[in-house]
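Each remark here refers to the structure printed beneath this line.
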Amino acid sequence: METIIWFLFLILPILGIGAGYLLRHLIAKKQVEGAESRALKILDSAQSRAKEILLEAKGKAVKIFEDAKKEEQQLRTHLLNQIGRLEKKENLLEAKIREVEQDKNILLEKAQEVRNIKVDVEQIKTEQTKALEHAASLSREEAKDLLLKKVEAEEAESLAKQIKKLEECNQEELAKKATNIIVGGMQRLSLSQVAETTVSSVAIPDDELKGRIIGREGRNIKSIERLTGAEIIIDDTPGVITISSFSPLRRQIARMAIEKLLIDGRIHPASIEDAVKSAKEEAMFKIKEAGEAAVYDTGVAGLDPKLVLLLGQLKFRTSYGQNVLLHSIEVAHLSAAIAGELRLDTALAKKAGLLHDIGKAIDHEVEGTHIEIGKAILKKFRISEEVIRVMQAHHQDYPFESPEAIIVYVADAISASRPGARKDSLENYLKRLADLEAIANEFSEVEKSYAIQAGREIRVLVKPDKIDDLGAIKLSRDIADRIEDQLDYPGEIKVSVIRETRATEYAR
């Protein structure tokens, strides 16, 4: 019995293990069969979808091919039509060219006929002239000179009187009208004008600060001069430092930098660099502000901001001591006023007047006259050719192409020549007087000449036995022409030739 029990105790676990293993094997087999079935279904579905996509792609490809073929056919038809039209135009053009060639040949033949006729006429004219010269025993030039001398001798006095009368009438009427126009324009303008110099001064509270400005062994003052490009002059004058430079911008930067150093109190090379940098930034701001103010004051709109900045730089440019920006504003207002009186284009005259000296804003590194530089600047900023043609003639370097160009020239002369606007050195003043007298004394008929009225008038005394009244009028014109050709001067110079009567002419 015990043996049976032990046998069952041993065999039952073995049977349980085998039954469990068999059960797991059946379950795993069933799962594998299910997975294979699902995989087959997925594969069948994917193959069906792939066939559908392939059929759809083939359909689209066929459609695209048909569309491309249709478009190609349309383009082919269009090109054939274009080629046909071009061939027709080419045939018409060839026909026109043949007609033009025929007309050209006809015109050349007629031109040759005209030249032949002209040669025949000249030959006949020459033969007739020779016959007349032989009959009169005088050449053509001799007969012409004889006739002119006879008429001049007989009518010299009446011609002189008539010329003088016409000149007086015209001069009085024109002078009256011109004076009214110019005075009217000048009365409408009110601008302050301060003559610029080449030095500026800075007030120093005490000599101790002056010594600090100089620095040890002059290092501070050398640093200021190096950074600003201006010369700092420190002499025995108490409480003043003088800044010298031909450039107003450099003087302004140096003055502002020194004032900043005096306020700060710290004066050494590092603080000097900071002060000069700050002064340059402030000067650039003032330049921009001055340009915008000039544009606003004159009412000239639509200028490029960079051109306005160049215009502002004229605030620190001078011409014979006259501030160029104030001069440009003055010319703009005068041009507009005169153009308004004459019922011309005031906007054109004002814009050209404002920009006529824009070339002076560029430093010396750019070569050329300020007119040529100004033209290049205005072309760069796409200013109209009409404005450029007006401004380029303000020194008569170019011919006057419009009444507005003459107006800008006159306004520039008025602004430059009015009392107090400009200054001149004694040497230049004396040289101009000597040059005036030298030009007059070159003529053999002149006995003495005197330049008066600060070079605005020259009085010429002629030899009465070598010139008559008609010759005096002609001489005044000749002297005026020579002054215009050889001298540069603002405004006008009055030439008075004095004999028994006085003839007056103006060099403009």
If we ask which residues in segment 242-276 are assigned to a helix (DSSP H, G or I) and either under 31 Å from the mean Cα position of the chain (by Cα) or in contact (Cβ under 8 Å) with a residue 24 or more places away in the chain (or both), their number turns out to be 18
How many residues are small (Gly, Ala, Ser) and over 20 Å from ALA337 (Cα atoms) when one looks only at segment 286-305?
3
Condition met for GLU437 (within 15 Å of ALA507 (Cα to Cα), modelled with pLDDT of 85 or more and not aliphatic (A, V, I, L, M)):
yes
Counting only residues in segment 411-434 that are at pLDDT below 80, touching a Gly at 6+ places or on another chain (Cβ under 6 Å) and in a helix (DSSP H, G or I), the one nearest to LEU325 (Cα to Cα) is identified as SER417
How many residues, within segment 469-480, are closer than 17 Å to GLU437 by Cβ and not small (Gly, Ala, Ser)?
3
Out of curiosity, is GLU196 assigned to a helix (DSSP H, G or I) and either within 28 Å of LEU325 (Cβ to Cβ) or modelled with pLDDT under 75 (or both)?
no
Looking for something over 17 Å from the mean Cα position of the chain (by Cα), without any contact (Cβ under 8 Å) to a residue 60 or more places away in the chain and surrounded by 21 or more Cβ atoms within 10 Å (Cβ to Cβ) - is there at least one such residue anywhere in segment 277-288?
yes
Go through (1) closer than 20 Å to GLY299 by Cα; (2) buried (at least 17 other Cβ atoms within 10 Å of the Cβ); (3) in contact (Cβ under 8 Å) with a residue 12 or more places away in the chain one by one and return the number of the condition THR346 breaks.
(3)
(1) among the hydroxyl-bearing types (Ser, Thr, Tyr); (2) surrounded by fewer than 18 Cβ atoms within 10 Å (Cβ to Cβ); (3) modelled with pLDDT of 75 or more: which one isn't true of SER223, the others all being true?
(2)
Residues to consider are ILE383, ILE414, ILE406; find the one that is buried (at least 17 other Cβ atoms within 10 Å of the Cβ), of a type in the set (A, V, I, L, M) and under 20 Å from THR318 (Cα atoms).
ILE414
Is segment 378-396 home to any residue that is within 21 Å of SER247 (Cβ to Cβ), under 11 Å from the mean Cα position of the chain (by Cα) and of a type outside the set (Val, Ile, Thr)?
no
For segment 327-349, the count of residues that are under 15 Å from the mean Cα position of the chain (by Cα) and over 16 Å from ALA413 (Cβ atoms) equals 1
Select from segment 294-309 the residues that are assigned to a helix (DSSP H, G or I) and touching a residue at least 12 places away in the same chain (Cβ under 8 Å) and write down the one among them that is nearest to GLN252 (Cα to Cα).
LEU309
Residue in segment 367-410 that is modelled with the highest pLDDT, counting only those that are of a type in the set (A, V, I, L, M) and outside any helix (DSSP H, G or I)
ILE383
Can you tell me which residues in segment 438-476 are closer than 25 Å to ALA416 by Cα and touching a residue at least 24 places away in the same chain (Cβ under 8 Å)?
ILE439, GLN453, ALA454, GLY455, ARG456, GLU457, ILE458, ARG459
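The values are calculated or read from the model by the stated rules, or taken from the named source; none is laboratory data. Small disclaimer: the values here were computed from a predicted structure and weren't measured. Reconstructed Cβ throughout: ideal geometry from the backbone, glycine too, with neighbour counts over all protein chains shown.
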